[in-house]
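Undergrad: Structure provided below as C-alpha cells; questions to follow.
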Amino acid sequence: MTPQPSRWSDLDRPPLRVSPLRTALIWPDGVWTRIDVTESTGSTNADLAAAASAGRAAPGSVLVAEEQTRGRGRLGRSWSAPARSGLFFSVLLAPERAGVPAHRLTWLPLLAGVAAATALSRVGGVDTALKWPNDLLVSVGGEERKLGGILAERVTGDDGAVVLGLGLNVSLRADELPVPTAGSLLLANAVTTDRDPLLRAVLRSLADWYRRWVEAAGDPAASGLDAAYAAGCATLGRTVRAELPGGGELRGEAVALDGDGRLVIESAGSRQPVAAADIIHLRAT
C-alpha cells in the first residue's frame, strides 16, 4: 500500500529550526530571552500565559507553534490552519515593569501590527497594510484580504505581564483558506515563503519597536508609533461600519487615532472615539 501523506511531510513547508533562531535572536541585553518551538498546540497565547502564571516563563519568552489547533482571536473567535502554513507565535512582555503606564498598553497590539507589517513588507516584498485594531492586510487579485491578526492579553496572577500573540498566513493555498476574505503571503506573490527569515524579521522588528516605545514610556508620539501606524493604516480615510460590543453600530469616516489608540469616527457632523469594535471597510458609493 502507498502510505498516506502526513500533514508534516509537505516539502514546501519545512520545519523551523529552533537552534539557529536562538542564535540569531537571543543576545545579552536583548528583548528576547528564550525561544521555544512546539510541534502542535491549541493556543500559544494560552500556553505562554499559563507558563507565566506558574512562574515557568519570564518576560522575553517566545513560544512558536508549527501547528495551532485552537488559535484565538478577538471577541472569542477561534481559527486554525494547516501545519507549518504560517507563523503562529506568542511573546511575553512586561511593559509596566519597564515604566510604561497602564493606560498606554492599548498601543501594544498596534505596535505589533506596525512591527509585523514593516518586516513582512521588507522581507516578503509585498505591501502589507493595517486594519484597525488588530489585522494585517494584503492584496490578492486586486482584493483586500486578511493576512493575519494580533491578540494581546494580560496574564492572570502576574501584574504587568502581557502575552502578545500573532498569527500570520504564509503558504496557505487558495483551497486551504478558512474564509474567502483570507489571504496569505503565497497568494499575494511574496518573494519568499520561507518562514525562518520571515519569523526572524518580525521578531527583530517587534523588539526594535518595543524598545523604542518603552524608552519613551509608552508615549505613542515620542516613540513615533502613532505616525507609523497612521501611515500604514488602511482604515483611516475610509468609510467604515463599526459593529460595537453588546450590539449597535456606528457608520462614518475613520478620520484619526486618539492618544489612547482609539479609532475616531466622524458621523453626522460629530466625532466619536471607538475603543473596541469590529470594523468593516465599506466601498465608496
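The values are calculated or read from the model by the stated rules, or taken from the named source; none is laboratory data. If you're wondering where the values come from, they're calculated on a predicted model, not measured in any experiment. Cβ coordinates were reconstructed from backbone atoms using ideal geometry, including for glycine residues, and neighbour counts include every protein chain displayed. SASA here: full protein model, heavy atoms, side chains in, ligands and nucleic acids out. Shrake-Rupley method; radii C 1.70, N 1.55, O 1.52, S 1.80 Å.
Undergrad: Take segment 147-157 and flag every residue that is buried (at least 19 other Cβ atoms within 10 Å of the Cβ) and either among the basic types (Lys, Arg) or within 15 Å of residue 102 (Cα to Cα) (or both).
TA: Across segment 147-157, the qualifying residues are 152, 155.
Undergrad: Pick out, from segment 186-285, the strands (runs of 3 or more DSSP E) lying fully within it that include 1 or more residues that are closer than 21 Å to residue 138 by Cβ, out of contact with any Pro (no Cβ under 8 Å at 6 or more places or on another chain) and modelled with pLDDT of 95 or more.
TA: 239-243, 249-257, 278-281
Undergrad: Let me confirm something: among 196, 127, 208, 159, which residue is among the charged types (D, E, K, R) and over 30 Å from residue 54 (Cα atoms)?
TA: Within the list 196, 127, 208, 159, the selection yields 127.
Undergrad: When you go through 241, 271 one by one, which is the residue that is more than 23 Å from the chain's Cα centre (by Cα) and surrounded by 13 or more Cβ atoms within 10 Å (Cβ to Cβ)?
TA: 271
Undergrad: Quick one: in segment 253-268, which of the residues that are open to solvent by less than 30 Å² (accessible area, probe 1.4 Å) and β-branched (Val, Ile, Thr) is farthest from residue 240 (Cα to Cα)?
TA: Among those residues, the one meeting the criterion is 264.
Undergrad: Just checking, does segment 157-173 include any residue being within 15 Å of the chain's Cα centre (by Cα), in a loop (DSSP other than H, G, I, E, B) and under 19 Å from residue 44 (Cα atoms)?
TA: Yes, there is a match, as at least one residue in segment 157-173 is within 15 Å of the chain's Cα centre (by Cα), in a loop (DSSP other than H, G, I, E, B) and under 19 Å from residue 44 (Cα atoms).
Undergrad: Pairs please, first residue from segment 162-182 and under 15 Å from residue 140 (Cα atoms), second anywhere and among the basic types (Lys, Arg) and assigned to a helix (DSSP H, G or I), Cβ atoms under 6 Å, 6+ apart in sequence or on different chains.
TA: 170/195
Undergrad: While we're here: Starting from residues that are in a helix (DSSP H, G or I) and touching a Gly at 6+ places or on another chain (Cβ under 9 Å), keep the ones in segment 22-45 and report whichever is surrounded by the fewest Cβ atoms within 10 Å (Cβ to Cβ).
TA: Step by step, filter segment 22-45, then rank; the result is 44.
Rundown of residues vs (1) at pLDDT 95 or above; (2) of a type in the set (D, E, K, R); (3) out of contact with any Cys (no Cβ under 7 Å at 6 or more places or on another chain), yes/no style:
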site	(1), (2), (3)
25	yes, no, yes
37	yes, no, yes
47	yes, yes, yes
50	yes, no, yes
54	no, no, yes
66	yes, yes, yes
71	no, no, yes
76	no, no, yes
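Undergrad: Given the options 120, 172, 130, name the one that is closer than 25 Å to residue 93 by Cα, open to solvent by less than 30 Å² (accessible area, probe 1.4 Å) and out of contact with any helix residue (DSSP H, G or I) (no Cβ under 6 Å at 6 or more places or on another chain).
TA: 120
Undergrad: Okay, moving on. Of everything in segment 48-64 that's touching a residue at least 40 places away in the same chain (Cβ under 8 Å) and within 17 Å of the chain's Cα centre (by Cα), which residue is farthest from residue 86 (Cα to Cα)?
TA: That would be 49.
Undergrad: Considering only segment 86-103, I want to know if a residue exists there that is open to solvent by 20 Å² or more (accessible area, probe 1.4 Å), in a strand (DSSP E or B) and at pLDDT 95 or above.
TA: Within segment 86-103, not a single residue is open to solvent by 20 Å² or more (accessible area, probe 1.4 Å), in a strand (DSSP E or B) and at pLDDT 95 or above.
Undergrad: Given the criteria open to solvent by less than 50 Å² (accessible area, probe 1.4 Å) and under 26 Å from residue 42 (Cβ atoms), does residue 137 qualify?
TA: Here the answer is no, as residue 137 does not meet what is asked.
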